[in-house]
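What follows is one structure encoded as structure tokens, with my remarks underneath.
Read-outs: derived from the displayed coordinates by stated rules, not from any lab. Please read all numbers here as calculations on a predicted model, not as lab measurements. Because the Cβ atoms are built from the backbone with ideal geometry, glycine has one as well, and the counts that use them run over all protein chains shown.
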Amino acid sequence: MNETFVCVDLGASSTRVRGETLEVGILPNNVYDVSMDYVNRLDGWNSNAEDEAVFKQSIDISITKTAGEDNLDHFPMRALVGSVGERANAMANERPTALRNKHVQKINYANAITAIVYQLVRDNGLDRIGETEYDVNLYIALPPVELAMGEAIMKSQLTGTYSISLCMLHKEITLNIKEVKCFAESFMAITSFFFNTDGRPKDEARKYANGNLLSLDIGASSTDLAAVKNRKFLESTGATFKIGGNNVRDIVKKEIASIYGYEPDDVTAEQALAEGRLQFGSTYKDISHIVVEAKMNVSKFFMSNISNYFKNNNMPLQSFVGIVVSGGGSMQSEFIDDENEEVVTSKPMGEYLAEMIHETCDTVDVMCIADNPRMANINGLYVRAMVDKLVKERAAK
């Protein structure tokens with residue numbers, strides 16, 4: 001029996017997962033929900049690719065819970081995920097939505113189990129994946145406003161033993177989720193600001209160890225906020241705004257339609273937003289001015305919400321020593337040119353926010369997590385999981 005921990009960040013754009021030894025893995029999160037007796041006529045991956053790539057291209061997963069709580073809302077289930085779902089029925093694929101809480105969406109349970117199996121494949125290889133049973137301690141990030149109710153529900157739904165079939169790969173797996181722990185996304189983001197993934201405090205963050213610090217985690221579909229005091233999470237300050245990077249993308253789409261006469265699909269618009277340029281035939285058009293304006297408009301909307309946040313929590317802006325900005329929606333726009341040089345076309349969202357915040361209080365530091373802000377939550381979960389593991393090992397000794 002192998003025991004390990006797996007950390008899962010159920011994002012709106014993708015699922016991030018990390019185990020004990022490997023770096024973060026990323027899975028697509030689009031799901032085609034099918035019946036348990038669905039006949040899948042798609043061919044599997046027949047190449048010499050790495051196990052991880054083979055798994056990603058062959059996700060037809062059947063999940064049956066065989067032991068645990070009886071009040072199940074989501075199991076058994078069968079899901080075609082990623083490219084398999086798109087190949088089977090592109091129109092019927094679902095993605096997580098910001099319109100409903102994460103802990104009530106069936107798709108998030110499918111993606112959580114799939115992420116665990118994906119991590120087990122990364123750790124053990126496809127050839128050995130069905131040779132033993134696996135005990136897993138699961139760490140999940142939730143929006144702070146969902147934490148109190150969501151953790152109890154996710155524990156009830158997920159804790160237990162599963163019989164899992166990888167239908168296209170002809171693999172059978174027995175998985176035992178022993179424990180489920182949930183943490184606020186924004187708090188996990190700020191944890192990764194304070195600590196390296198090896199648990200050592202970051203030198204540049206030491207000056208913010210005392211006092212109030214605000215975590216502003218800008219995702220694709222929503223933004224999570226939480227305050228910490230002396231590095232301790234203030235639970236009552238957790239909040240979620242239903243605005244994120246997708247709002248910037250949608251503004252960019254409308255402007256492109258207005259100027260160039262066609263509305264790009266979401267994938268094309270996201271690429272244009274990420275790079276600040278739009279592919280137009282065999283060349284590119286510079287749309288950095290559109291992206292900058294969109295980021296500034298969304299930043300202004302953020303500011304009106306943040307002002308109310310400070311008021312509602314009786315913590316004025318001036319009482320904070322700093323604001324930490326993270327998340328995929330906060331990233332700068334850039335691309336690599338023909339000379340293999342990096343070209344930055346717009347600043348991170350945090351810098352536009354900083355300019356507006358400093359109009360009210362110019363002594364509040366606004367920091368953007370530099371080392372891949374999209375991974376802030378999953379890296380924070382990993383730090384927490386490693387701490388728990390070390391505590392258990394010391395207690396055992």
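Overview of results
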read-out: Fewest-first ranking of Cys167, Cys368, using other Cβ atoms within 10 Å as the exposure measure; value: Cys167, Cys368
read-out: Kirkwood-based Rg to Rh ratio, the stretch 202-370, C-alpha trace; value: 1.03
read-out: Loop GluC sites (Glu not before Pro), the stretch 87-174, which have at most 11 other Cβ atoms in a 10 Å radius of their Cβ (DSSP); value: Glu131
read-out: Length gained when the stretch Ala209-Val321 is fully extended (0.36 nm per residue, less Cα-Cα span); value: 39.3 nm
read-out: Volume per residue that the Cα convex hull of the stretch 76-234 spans, once the total is divided by residue count, Å³; value: 144 Å³
read-out: DSSP-loop trypsin sites (Lys or Arg not before Pro) across the stretch 95-139, with at most 16 other Cβ within 10 angstrom; value: Arg100, Arg128
read-out: Whole-percent pair-distance distribution, where bins are 20 Å wide, for the alpha carbons of the chain; value: 26, 56, 18, 0
read-out: Lys, Arg +1 and Asp, Glu -1 on Cβ, resulting dipole of the stretch 347-397 about Cα centre, debye, nearest 20; value: 680 debye
read-out: Length added when fully stretched, Glu263-Ala152, from 0.36 nm per residue minus Cα-Cα; value: 35.7 nm
read-out: Axial C-alpha extent at least 20 Å, average Kyte-Doolittle at least -1.0 - helices from the chain (DSSP); value: 106-124, 245-260, 288-312, 376-396
read-out: Order of Val228, Val145 under a 10 Å beta carbon neighbour criterion, fewest first; value: Val145, Val228
read-out: Cα radius of gyration and Dmax for the stretch 160-227 (Å); value: 18.6, 54
read-out: GluC sites (Glu not before Pro) restricted to DSSP loop in the stretch 323-397 with at most 14 other C-beta within 10 Å; value: Glu339, Glu341
read-out: Förster radius 51 Å - calculated FRET efficiency between Leu42 and Val344 (Cβ-Cβ, nearest 0.05); value: 0.80
read-out: 13 Å beta-carbon shell around Gln57, net charge (K/R +1, D/E -1); value: -4
read-out: Helix-only mean residue ellipticity at 222 nm for the chain, each DSSP H run of n ≥ 4 adding -39500 (n - 2.57), per residue, nearest 500; value: -11000 deg cm²/dmol
